[in-house]
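The values are calculated or read from the model by the stated rules, or taken from the named source; none is laboratory data. None of these values were measured; they are calculated from a predicted model. Cβ atoms come from the backbone with ideal geometry, glycine included; neighbour counts cover every protein chain shown. Note: areas computed on protein heavy atoms with side chains; ligands, DNA, RNA excluded. Shrake-Rupley method; radii C 1.70, N 1.55, O 1.52, S 1.80 Å.
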Amino acid sequence: MPDYTPHTDEEIASMLRFLKLESVDDLFNSIPVAIRTAGGLALSPGIPEPDVTARMNELARANRSGAEDLICFAGGGAYDHVIPPVVSALASRSEFVTSYTPYQPEVAQGVLQAIFEFQTVVSRLFGLPIANASLYDGSSALVESVSMSLAGSTSRSAWISSGVHPQWRSVLSTLTRGRELDLRTFALVNGETEWPEVDRLGKESSPSALVVAYPNYLGCLEELDRVRKICDHLGAAMIVVVDPVAAGILRTAGDWGADIAVGEGQAFGNPLGFGGPYLGMLACTQDYVRRLPGRLVGETTDSEGTRAYVTTLRAREQDIRREKATSNVCTNQTLMAITAAIQLSWLGRQGLRELALRCARGTRYLRDRLVDIEGVEMVTGDAPVLREFALRTRIPSSKLITRMAESGFLAGIALENLTAGKCDESITRSDLERSILISVTEKRTRQEIDAYADAFEKASQP
Amino acid sequence: MSTEGFNTVDRGDTDLAKKAYGMPGGRAASIPSLGREFEPTIFELSSPGRSSHQFPTTNIPEFAPDELVPAHHLAKASPQMPEVSERDLVGHFTRLSHRQFSVDLGAYPLGSCTMKYNPKVCDSVVAMPGIRDVHPGTPSAMCQGWLELLVELEEALCEITGMAAATLQPAAGAAGELTGLLLMRAFHEAKGARPKRVVVPDSAHGTNPASVSLAGYEVTTVKSDERGCINVADLREVLDSDVAGIMLTNPNTLGLFEEDIVAIADAVHEAGALLYYDGANLNAILGVTRPGDMGFDIVHMNLHKTFATPHGGGGPGAGPVAVSERLKSFLPGPRPVRNPGSESPPDWQSPQFVWETPQNSIGRVHSWHGNALVLARALTYIWIHGGDGLLKVAQRAVLNANWLRVRLSETYDVPFNRTCMHEVVFSAASLKKRLGLTALDIAKHLLDEGFHSPTVYFPLIVNEALMIEPTETESVQTLEALAEALERIVDATDDGGDASYRAPRNTPVKRVDEAKAARRLVPTFDAR
């Protein structure tokens, strides 16, 4: 039976003699016999590494992956971006991979400094001065941002745009179930959130925060000045869900006046990976620093005055504050954060801008081709889009996606699967069934896009 | 150091004394000396205009930025990212990695964190393109391999824990805790009950009470008794209809098995409450006993601990939650299930595995399906070990912890000195009194010895706690070397000599000024 323990039979016997025990079973005498697992676990016997690898390879072959036979035009919060060999090589260094939370800073300067650099790039991407060391994914960053706004407010409600990823909204509503919050959702109309008019707003039911996505789930760029005005009027925090790739050319969340910005950082060096592990990013203004969830790394010095890094403001965290902590996060996604810091350093200032532009150009080129097809139209009208867009065709999108797969494309995300109900008020249920969300990354060539458009024209015929 | 004493020392066992162990292992003392310099940040290594990115040739027509996006959305300047060559990028992050202790470097006996060796094969499995490069929004018929993998993992975890069904969505242990508590809440609400409190022992991890609050419950703390366990009579006093459940770690954070667990479970169930199992210490009981057989209703697991997925410098983890039959319908969805209607052989119209949202589901707890690549590593580990292999893991983890307990019991206080499970909690209380040597001092001195420190000052109920979890993947030679290092720290102080310096001194930086970091917060390079 294969395993990774070093003990020889002789050593086990001698260790037991040292403990004055007869057998290994004696180690477990404190466990009542009635609850012992008699006869062992009903699992298959262990098999050697090569056999397991072969079995996993079979499972892998039962998937159609972006790398092999389905050219990926799906996005919706998970994107098929370039991951260069240099980033994979650095991010898979075993010192980063097999260490843990830097509780002993003297032997964890590598991880601590990498996190410090990650915090700095997130702060710059979002245009806000404070960023934490990572959260699980975009949805958990969203939940934590709403908690931060609630912690500083007497309000028990938050207003959420339907343009926020429907699966993230579902997570928000699940994880706040116990706290009896009033989460009000505001529909999109033609790609833009229909917030109430400022002059019609009383203050009686003021939310702790307004949450808006930029670009939103349907790919549209919303006017954030309006959101800031409503927040000022209501005394609410402005939370912006940012696509950090789009941030390569767009005004930053901080520049638009956001108090807190969150985002999904998968796009920076982390593979699609069937949805995880991804990377929750969160940045905020100085006012929120004491309510920041999870780890925060700060610069300091050692006892000889040498520059050093350490996790700081630890009194916020669960292991010290226990039931009074505003978040329970402990283990987060450090390796993904380090990977993102490496990828962003590889991209550099020019590369990040180029990345956003390349996505936007490919998107524009494909969109122009697709809307020329008879019976195909934009779901969101004339709203500006950047790297993702929603189309309505004449057939159910699930059918469209199945047909497109026959031509070798993962065509997009079927909007009929929206789990959290309505997204755009101007779309009816039957419209939604015929709608598809399409994304183009810097990896897609003109040839691939042309082939996609040709296949789409055929596949979208009723 | 000399190995002479190592080979001849008598540990009360003639075989051990006779046998030369060979060189002590597991110390990271051979890593290069790194001098006293800091590594500049990537920002300081940048030069404007330098870059290392390369994009594919795509031949897509050019559009000017303001043709793509209305001008008022465009930034005046792009965010200031680092600007380095590929060579400098590699140099920087390689040097950073040299300033980092890890399991691959040496023994990492960080109690409660199960820092065992992470088999490399698990990393190679998740590097397969058919596993790694699958979009999570792929229609289920086109990713049957992934659904099968997740179903297989769920079934294995249910067998290991003795539960009926599980969700794989929670991304870490704390996320699993909150998920489990929300399941508890949904269970009571479905019966029209609204209890307000959850009982947590004083020895619990900090995430437990934090999660209880986030789930909208109040925490009731129950004290550990003089044996370090929950006293059933004390527990009965706090149990009433207002209690939704109790969160227990078993073995608990003192490394001790709650011997009265069956009576505890009965008392909790009589009160109409549920038992929640914090799986942080599951490694100790794999194949020996199961939470479900102890009477637990909800179990979270830390796959990065028990099933050896790499800890990644503080994540990613994975925190699946398994439940008993009566809680199954509340699980988060969608969850992958075997399709009862599937034809054999399965085809695209009727796939073998499908997504299904449970009838009374509390909803999603993850953007997608959980930390899938972590889940795939854990299944790889489980398949390699099988039932027997997992039992061996637990046996050897417990053997190692007990060997260290006895080996060091003359040097260090063992507040609860009886057979422990996978970890042992020592106390430096008398050393502090006698020599002024605190748990923190010992932790820092141990770094100089080439070992990672134990968890210190936890559990909170032990003064000057040093919590050591050697794990099953360390050899007895490494344990001996660790024990000698821990003895040396005390001996040197006792002699009034060497150890009175302020450790550590062999590490890339000396004792780090934590107070200064908090006093003047510098969370980014721009705040310097």
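The table below gives the values:
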{"item": "Checklist (1) more than 10 Å from chain B (Cβ to nearest Cβ); (2) in a helix (DSSP H, G or I) applied to A:TRP159, failing item", "result": "(2)"}
{"item": "Number of the condition not met by A:ALA89 [criteria: (1) surrounded by 24 or more Cβ atoms within 10 Å (Cβ to Cβ); (2) modelled with pLDDT of 95 or more]", "result": "(1)"}
{"item": "Segment B:443-460, subset under 22 Å from B:MET421 (Cβ atoms) and in contact (Cβ under 8 Å) with a residue 60 or more places away in the chain, residue most open to solvent (accessible area, probe 1.4 Å)", "result": "B:LEU460"}
{"item": "Test set (1) at the interface with another protein chain (Cβ under 7 Å from one of its Cβ atoms); (2) in a loop (DSSP other than H, G, I, E, B); (3) of a type in the set (Gly, Ala, Ser) - A:ALA34 fails condition number", "result": "(2)"}
{"item": "Residue match in segment A:19-26 (condition: at the interface with chain B (Cβ under 7 Å from one of its Cβ atoms), in a helix (DSSP H, G or I), surrounded by fewer than 23 Cβ atoms within 10 Å (Cβ to Cβ) and in contact (Cβ under 8 Å) with a residue 12 or more places away in the chain)", "result": "yes"}
{"item": "Residue count, segment B:410-442 (criterion: of a type in the set (A, V, I, L, M, F, W, C), crowded, with 24+ Cβ neighbours inside 10 Å and within 13 Å of chain A (Cβ to nearest Cβ))", "result": "5"}
{"item": "Test: A:ALA315 is under 16 Å from A:LEU112 (Cβ atoms), part of a helix (DSSP H, G or I) and not polar (S, T, N, Q)", "result": "no"}
{"item": "Any chance A:TYR4 is more than 25 Å from B:VAL134 (Cβ to Cβ), open to solvent by 20 Å² or more (accessible area, probe 1.4 Å) and among the hydroxyl-bearing types (Ser, Thr, Tyr)", "result": "yes"}
{"item": "A:ALA141 vs. criteria in the same structural domain as A:MET281 (by TED's automatic domain parsing) and within 23 Å of A:THR285 (Cα to Cα)", "result": "yes"}
{"item": "All positions within segment B:461-472 that are open to solvent by 20 Å² or more (accessible area, probe 1.4 Å) and at pLDDT 95 or above", "result": "B:ASN463, B:GLU464"}
{"item": "Listing of strands (runs of 3 or more DSSP E) fully contained in segment B:177-274 that carry 3 or more residues being assigned by TED's automatic domain parsing to the domain that holds B:GLY319 and aliphatic (A, V, I, L, M)", "result": "B:197-201, B:243-249"}
{"item": "Top-ranked residue of segment B:443-482 - restricted to ones that are facing chain A (nearest Cβ under 8 Å) and in a loop (DSSP other than H, G, I, E, B), ranked as nearest to B:LYS392 (Cα to Cα)", "result": "B:GLU472"}
{"item": "Tally of residues being under 30 Å from A:ASP382 (Cα atoms) and facing another protein chain (nearest Cβ under 8 Å) across segment B:77-89", "result": "2"}
{"item": "Entirely in segment A:239-302, the strands (runs of 3 or more DSSP E) that have 1 or more residues that are within 19 Å of the chain's Cα centre (by Cα) and either basic (Lys, Arg) or under 17 Å from A:TYR79 (Cβ atoms) (or both)", "result": "A:260-264, A:280-284"}
{"item": "Checking B:ASN281 against (1) within 20 Å of the chain's Cα centre (by Cα); (2) modelled with pLDDT under 95, the condition it does not meet", "result": "(2)"}
{"item": "Residues that are among the hydrophobic types (A, V, I, L, M, F, W, C), farther than 29 Å from B:LYS510 by Cβ, facing chain A (nearest Cβ under 8 Å) and in contact (Cβ under 8 Å) with a residue 24 or more places away in the chain, drawn from segment B:90-140", "result": "B:VAL121, B:VAL125, B:VAL126, B:ILE131"}
{"item": "Only listed residue being out of contact with any Leu (no Cβ under 9 Å at 6 or more places or on another chain), surrounded by 19 or more Cβ atoms within 10 Å (Cβ to Cβ) and at the interface with another protein chain (Cβ under 7 Å from one of its Cβ atoms), chosen from B:CYS158, B:CYS143", "result": "B:CYS143"}
{"item": "Subset of segment B:275-287 (residues that are under 22 Å from B:PHE416 (Cβ atoms) and either open to solvent by 10 Å² or more (accessible area, probe 1.4 Å) or assigned to a strand (DSSP E or B) (or both))", "result": "B:TYR277, B:ASP278, B:GLY279"}
{"item": "Residue in segment A:287-295 that is surrounded by fewer than 24 Cβ atoms within 10 Å (Cβ to Cβ), of a type in the set (Ser, Thr, Tyr) and at pLDDT 95 or above present", "result": "yes"}
{"item": "Test for B:VAL288: is it within 24 Å of the chain's Cα centre (by Cα) and of a type in the set (A, V, I, L, M)", "result": "yes"}
{"item": "Among the residues listed as B:VAL398, B:VAL393, B:VAL374, B:VAL365, the single one being open to solvent by 10 Å² or more (accessible area, probe 1.4 Å) and on the phi < 0 side of the Ramachandran plot", "result": "B:VAL365"}
{"item": "Boolean, B:ALA378 is facing chain A (nearest Cβ under 9 Å) and modelled with pLDDT of 95 or more", "result": "no"}
{"item": "Selection within segment A:174-200 - part of a loop (DSSP other than H, G, I, E, B) and open to solvent by 30 Å² or more (accessible area, probe 1.4 Å)", "result": "A:GLU180, A:LEU181, A:ASN190, A:GLU194, A:PRO196, A:GLU197"}
{"item": "Selection count, segment B:473-528, where residues are within 12 Å of A:ASP302 (Cα to Cα), open to solvent by 30 Å² or more (accessible area, probe 1.4 Å), out of contact with any strand residue (DSSP E or B) (no Cβ under 8 Å at 6 or more places or on another chain) and modelled with pLDDT of 90 or more", "result": "1"}
{"item": "Cβ pairs under 8 Å, 6+ apart, first in segment B:403-426 and assigned to a loop (DSSP other than H, G, I, E, B), second surrounded by 17 or more Cβ atoms within 10 Å (Cβ to Cβ) and basic (Lys, Arg)", "result": "B:VAL414/B:ARG405; B:ASN417/B:ARG405; B:CYS420/B:ARG405"}
{"item": "When residues of segment B:169-224 are limited to those that are more than 27 Å from B:HIS304 (Cβ to Cβ) and among the polar types (S, T, N, Q), the one surrounded by the most Cβ atoms within 10 Å (Cβ to Cβ)", "result": "B:THR220"}
{"item": "Residue count, segment A:146-173 (criterion: surrounded by fewer than 24 Cβ atoms within 10 Å (Cβ to Cβ) and hydrophobic (A, V, I, L, M, F, W, C))", "result": "2"}
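This table checks each residue for (1) part of a helix (DSSP H, G or I); (2) facing another protein chain (nearest Cβ under 7 Å); (3) open to solvent by 20 Å² or more (accessible area, probe 1.4 Å); (4) touching a Pro at 6+ places or on another chain (Cβ under 8 Å).
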{"site": "A:ALA42", "(1), (2), (3), (4)": "no, yes, yes, no"}
{"site": "A:ASP51", "(1), (2), (3), (4)": "yes, no, yes, no"}
{"site": "A:MET56", "(1), (2), (3), (4)": "yes, yes, no, no"}
{"site": "A:SER65", "(1), (2), (3), (4)": "no, yes, no, yes"}
